[in-house]
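Scroll down for the structure; my scribbles are underneath it.
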Amino acid sequence: MPAAHESEMGRRHQETRVGDLPEECLAQVIALTSPRDASRCAAVSPAFRAAADSDDVWRRFLPARLELDHLVLQAPRRQQAATSRKDAYLGLCDAAGAFAGGGMKVWLEKATGARCYALSARRLSLPWDDGEFSWRWTPHPLSRFPEVAELVDCTCLDIYGTLPAAALTPGTPCAAYLVYGTSEGGHRGLSYPDQETAVAVGGRVVARHAVCLRPDDAEARKFRGGGEEARRPRLREDGWWEVEMGRLGGAATTSAAGDGEEEVTASFEVLGWYPKRGLVVEAIEFRPCPPSS
């Protein structure tokens, strides 16, 4: 066999494939990706699986702390009892067993590790212009919180919730959602397309939309004028309705998170002054935007 050929074969045998790298090296590279990519890497080969499932990788995806309004929220039992960093991460992604405290729930989006928040009705600003009996607090079988707010009667309806801007995950586009239902006894004044939502950062409005919580085409025809078509709600798997209130782009969340003094405010308002009743407010949520958006 010619010497040149033997030399070439030797070089091929000496080549190192990615899967031959030490587990520590693979783990360092995978830790620079995302939880979704780490899960995909685990399916490549046994060597990749060992690296992708290692504590060194998933420690990178775990938040150092989840702190809001100077309140350190306690981790759920599943996360506390986790035997690995990956199990701990998955425990934090369980919205049903999310962190609880201060009238809110906090969890992580599984694919990216971005933080999600649900502000309970108790944490929201509700209008009381019509007296102390405008709303009643009541338990609800579908709610994640001890109580929801049921609208008894009012003419001025303006709801908003605030979150410290520093709580947002920098660089991750997010959206605010009003999570609600209607009373078993019926509702009134929620079907007109004169409803509006807005999202503001530090008092600067970055999104404003026309919405309608209980769309009714017959009622909509009573209103004249053009403009943006009202956004319609969607029914969630947990039985609540939600309507998107507005979005913050990735650049906006980075800028907002860098200013510890600013707040993000999501608001819902009915512009018309007429009787309204039967709205059941469960929460306002802040979540990463869907990947396809």
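The values are calculated or read from the model by the stated rules, or taken from the named source; none is laboratory data. Everything numeric here is computed off the predicted structure, so don't read it as measured data. Please note: Cβ atoms are built from the backbone with ideal geometry, for glycine as well, and neighbour counts cover all protein chains shown. In case anyone asks, the SASA skips ligands and DNA or RNA and just uses the protein heavy atoms, side chains included. Shrake-Rupley method; radii C 1.70, N 1.55, O 1.52, S 1.80 Å.
Qualifying GluC sites (Glu not before Pro) in segment 87-168, where qualification requires a DSSP coil assignment and no more than 15 other C-beta atoms within 10 Å, comprise Glu132.
For the pair Arg232 and Glu24, a Förster radius of 51 Å applied to the C-beta separation gives a FRET efficiency near 0.50, rounded to the nearest 0.05. Residue by residue, segment 199-205 carries 3J(HN,Hα) couplings of 10, 10, 10, x, x, 9, 6 Hz when phi is fed to the Karplus relation 6.51 cos²θ - 1.76 cosθ + 1.60 (θ = phi - 60°); x denotes Gly or Pro.
How long are the semi-axes of the equivalent ellipsoid of segment 115-288, taking √(5λ) for every eigenvalue λ of the Cα gyration tensor, in whole Å from largest down?
On the way: eigenvalues 138, 74, 43 Å².
Gyration-tensor ellipsoid for segment 115-288: 26, 19, 15 Å.
Here Glu263 sits with roughly 90 square angstrom of accessible surface, probe radius 1.4 Å.
How do 185-194, 37-46 rank on mean C-beta neighbours within 10 Å, highest first? All intermediate terms of the calculation are to be shown ahead of the outcome.
Details: 185-194: 17.1, 37-46: 15.1.
Final packing ranking: 185-194, 37-46.
Taking every protein chain into account, the 1.4 Å probe leaves Thr169 with about 30 Å² of accessible area, to the nearest ten.
The listed residues Arg115, Arg234 rank as Arg234, Arg115 when sorted by accessible area, largest first, using a 1.4 Å probe.
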